[in-house]
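Step one of this worksheet: look at the structure below.
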Amino acid sequence: MAGQPGRDVSGMSVVAYSGRIDATNPYSSSGDFDVAYDHGAEAAIEALLLGHSVSKVAEDHLLLDDGTLLRLVGNEGGCSCGGGDYDLTELNDVDNIITAVEFEVGDGADYFTAYRIFVLAGDKRINLATFEGDDGSGYYGTGYYVMVRRPAAEPGVAADSAGVPR
């Protein structure tokens, strides 16, 4: 994962991401992501999802109904021992409008730790995403990242402060 961790003005965990979208994914196109949030930025991730539905799911990408593209990736510890490595093991679509978001950290399969993002939509609790891995010694990191690319505003279309077309 390229980037430098930091905090934005609201105190949320933010990672500057300079990677490219996977050009082999049919639901993405080339271009940079605007921002990436780590698993500690629950308020920012919740704000991305609330009031939206998931239009498409492909590999590790979610396309929201407003055109926002999310790429969900597990932490890569970078050690041959596997410490800090987390894999995306589940990713689901959400047809209805998301009305609430919940985050859980608990036990996963085979003694792994699992990070889960649940959403409430249409009176159902849906496991949107699950990441499973092992912190090892704790030195190599943990969790996951949500990389965000907002849709570009069309010429002449007003956009809000985050650049999302209104």
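The values are calculated or read from the model by the stated rules, or taken from the named source; none is laboratory data. Source: prediction; values computed, not measured. We place every Cβ from the backbone using ideal geometry, glycine too, and count neighbours over all the protein chains shown. Calculation scope for accessible area: heavy atoms of the full protein, side chains included, ligands and nucleic acids excluded. Shrake-Rupley method; radii C 1.70, N 1.55, O 1.52, S 1.80 Å.
A compact table of results
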item: Any hit, region 67-74, residues being at pLDDT below 95, over 25 Å from Gly136 (Cβ atoms), part of a strand (DSSP E or B) and out of contact with any Leu (no Cβ under 9 Å at 6 or more places or on another chain); result: no
item: Residues within region 53-66 that are outside any strand (DSSP E or B) and open to solvent by 40 Å² or more (accessible area, probe 1.4 Å), tallied; result: 3
item: Hits in region 96-114 (condition: within 18 Å of the chain's Cα centre (by Cα), farther than 18 Å from Asp38 by Cβ and open to solvent by 50 Å² or more (accessible area, probe 1.4 Å)); result: Ile97, Thr99
item: Region 75-93, residues that are farther than 13 Å from Asp134 by Cβ and at pLDDT below 90; result: Gly78, Ser80
item: Residue in region 94-101 that is within 17 Å of Gly143 (Cβ to Cβ) and at pLDDT 95 or above present; result: yes
